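Here the structure is laid out as structure tokens; the discussion comes afterwards.
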Amino acid sequence: MSTTCIRHADWVVAWDAVGRRHVYRRDVDVAFTGDTITLVDPGYAGPADHVVDGRRLLVLPGLVDLHAHPHHEPAYRGVREEHGVPNMHMTGLYERSQAFVAPDDDFRRASTEFALCELLGSGVTSLVDISPAWEGWLPLMAASGLRAFLAPGYASARWRLDNDVELKYAWDEARGREGLAAALALVDEARRHPSGRLSGVVSPMQIDTCTPELLEESAAAARARGLPLTVHISQSVSEVREMLRRHRRTPIQWAESLGILGRGTILGHAMLIDTHSWVRWWTRRDLAIMAETGVAVAHCPTPFARYGQILESFGDYLRAGVVMGLGTDTTPHNLVEEMRKAAVLSRVASRDVRSATAADVFHAATVGGASALLRDDLGRIAPGAKADLVLVDLTLPAMQPARDPLRSFVYHAADRAVRDVYVGGRPVVAGGRVLTLDHAGAAERLARAQERMLAAVPARDYRGRSAEEIAPLSLPVVR
Ligand SMILES: [Zn+2]
């Protein structure tokens, strides 16, 4: 096993195990052997196969992206940013997921490889990839060098639109059960992978598309394996209204009644809860349920903010005692940008500058995500933790003046300042370049893949519209 020492690191965001918080340390060495950090202190005196000059560097723990869909989201670039359906309380989710669909596995491969390059380049070292299983997924995740949590999605129903007001469901319980069995087989295969970097999350896709039986079985399977479970919940007003109609309870309250909420349950979004101004349901219990049961929220500000919706608020969830993690959900796969949005939009929602700080959102993007994944060896720089590290270049003008380098990173430079990334002690990004995958090649294949998706839109849309009619270009094309 080889040892690497980052010597005289100017700034290190290190883990204070007693205070259970990140702290700055100055001019220390960070040493790791194999995939594990062995020392965070001045004056490392042991042997080192590789020495990195840590002067003018900020060393961060690798970021944990708790919620993303790499198999198709990059192909929504230029389509999704301004697409929404006013008659569905602004969400474009249902219309888009029916009309814009990944046509084949070459599409999924290009899209995923492209997303993984963006993720690695912005300092993400752990990723929860929520995607329908596809051929070649596991080998690509292994080749990427990421610490990957495969979350093969399945459901008992599909959403079905025949107009732009009503959300309808096509139920097929047998399909859901087969999906669960196949997902568990793939997750078990990932856990056996010799790299030790692959694992899984049990992922019934949405609270409204799964029967109670499928959700309960999924939770039991996750518990039996000691794995997390993730489900999209409270992600649209339409979903909340549907669940109130079916169960006379909010989605969060119904999930609690099923017994599927607890530590290790990751709620995708959990934004439109009973107290949210777009919902205004009378019960006022959802936030307390999330805190008391110990679930984690995968908060993804970007896709919702584009519809005009924000969490109300990140800071209020934190102070209520909810474990908060962050995800990218869509493209750009840039978790630093999500940190920035989470902090700023929390203050907008609370009308209070104190609502969320850089420290709060950085905690969510590291330790919060690790806790959600039941992993206390991730998201922190401390002896015994995995050597998942991000080296940030303090000499970059966008990082200067680096009086408070975490603020320089979160509010200013973001991914531009990411120089090197290690996952389990292995270099995966060097000098800003992804070493394990082909970003430019994936971009080219993705562009062709997007054309195939767009060409199929009229056959899939309930009104037979073209992609251009559903999501027009931002400017007219004139001769
Ligand atoms: Zn999602």
Total residues in region 181-195, condition part of a loop (DSSP other than H, G, I, E, B) and surrounded by 12 or more Cβ atoms within 10 Å (Cβ to Cβ): 2
Can you tell me how many residues within region 426-442 are touching a Ser or Thr at 6+ places or on another chain (Cβ under 7 Å) and open to solvent by 20 Å² or more (accessible area, probe 1.4 Å)? 2
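This table checks each residue for (1) within 22 Å of the chain's Cα centre (by Cα); (2) of a type outside the set (A, V, I, L, M).
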| position | (1), (2) |
| --- | --- |
| 201 | yes, no |
| 219 | yes, no |
| 226 | yes, yes |
| 229 | yes, no |
| 237 | yes, no |
| 241 | no, yes |
| 251 | yes, yes |
For region 221-239, give me each residue that is within 21 Å of residue 203 (Cβ to Cβ), surrounded by 17 or more Cβ atoms within 10 Å (Cβ to Cβ) and among the aliphatic types (A, V, I, L, M). 221, 222, 227, 229, 231, 233
Among the residues of region 111-132, write down those that are open to solvent by less than 10 Å² (accessible area, probe 1.4 Å), in contact (Cβ under 8 Å) with a residue 60 or more places away in the chain and under 20 Å from residue 76 (Cα atoms). 111, 115, 116, 117, 119, 120, 122, 127, 128, 129, 130, 131
Based on what the data block shows, is residue 249 of a type outside the set (Phe, Trp, Tyr), out of contact with any Asp or Glu (no Cβ under 9 Å at 6 or more places or on another chain) and either part of a helix (DSSP H, G or I) or without any contact (Cβ under 8 Å) to a residue 40 or more places away in the chain (or both)? no
Does region 309-322 contain any residue that is within 16 Å of the ligand (Cβ to nearest atom), over 12 Å from the mean Cα position of the chain (by Cα) and in contact (Cβ under 8 Å) with a residue 24 or more places away in the chain? yes
Hits in region 450-472 (condition: open to solvent by 100 Å² or more (accessible area, probe 1.4 Å), without any contact (Cβ under 8 Å) to a residue 40 or more places away in the chain and under 31 Å from the mean Cα position of the chain (by Cα)): 451, 468, 469
Which condition number does residue 445 fail, the rest of (1) outside any helix (DSSP H, G or I); (2) under 23 Å from residue 99 (Cβ atoms); (3) open to solvent by 40 Å² or more (accessible area, probe 1.4 Å) being met? (1)
Does residue 479 fit the bill of being more than 25 Å from residue 52 (Cα to Cα) and modelled with pLDDT under 95? yes
All but one of (1) on the phi < 0 side of the Ramachandran plot; (2) surrounded by fewer than 21 Cβ atoms within 10 Å (Cβ to Cβ) hold for residue 326; which doesn't? (2)
From the residues in region 19-76 that are of a type in the set (Ser, Thr, Tyr) and within 21 Å of residue 8 (Cα to Cα), which one is nearest to the ligand (Cβ to nearest atom)? 36
Those residues of region 367-422 which are outside any helix (DSSP H, G or I), hydroxyl-bearing (Ser, Thr, Tyr) and in contact with a strand residue (DSSP E or B) (Cβ under 7 Å, 6 or more places away or on another chain), in sequence order: 422
Please verify whether residue 147 is closer than 18 Å to residue 444 by Cβ and either in contact (Cβ under 8 Å) with a residue 40 or more places away in the chain or within 16 Å of the ligand (Cβ to nearest atom) (or both), treating the condition exactly as stated. no
Is it the case that region 2-17 has a residue that's among the polar types (S, T, N, Q) and surrounded by fewer than 17 Cβ atoms within 10 Å (Cβ to Cβ)? yes
Looking for whichever is within 16 Å of the ligand (Cβ to nearest atom), aliphatic (A, V, I, L, M) and within 21 Å of residue 180 (Cβ to Cβ) here; the options are 233, 260. Which one fits? 233
Which one of the conditions (1) open to solvent by 10 Å² or more (accessible area, probe 1.4 Å); (2) in contact (Cβ under 8 Å) with a residue 60 or more places away in the chain; (3) closer than 30 Å to residue 225 by Cβ does residue 306 fail to meet, given that it meets all the rest? (3)
Yes or no: region 274-286 includes at least one residue that is under 18 Å from the mean Cα position of the chain (by Cα), surrounded by fewer than 24 Cβ atoms within 10 Å (Cβ to Cβ) and at pLDDT 95 or above. no
Taking region 263-273 and keeping only residues that are surrounded by 22 or more Cβ atoms within 10 Å (Cβ to Cβ) and more than 16 Å from the ligand (Cβ to nearest atom), one is left with 264, 273
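Could you check region 330-341 and list, in sequence order, the residues that are open to solvent by less than 10 Å² (accessible area, probe 1.4 Å) and within 16 Å of the ligand (Cβ to nearest atom)? Walk me through it before giving the result.
Looking only at region 330-341, we keep the residues that are open to solvent by less than 10 Å² (accessible area, probe 1.4 Å), and these are 330-331, 333, 335-336, 338-339.
Hits for region 330-341 are 330, 331, 333, 335, 338.
The values are calculated or read from the model by the stated rules, or taken from the named source; none is laboratory data. Everything quoted here is computed from the prediction, not taken from an experiment. Virtual Cβ from ideal backbone geometry, glycine too; neighbours counted across all protein chains shown. Heavy atoms of the whole protein, side chains included, go into the accessibility calculation; ligands, DNA and RNA do not. Shrake-Rupley method; radii C 1.70, N 1.55, O 1.52, S 1.80 Å.
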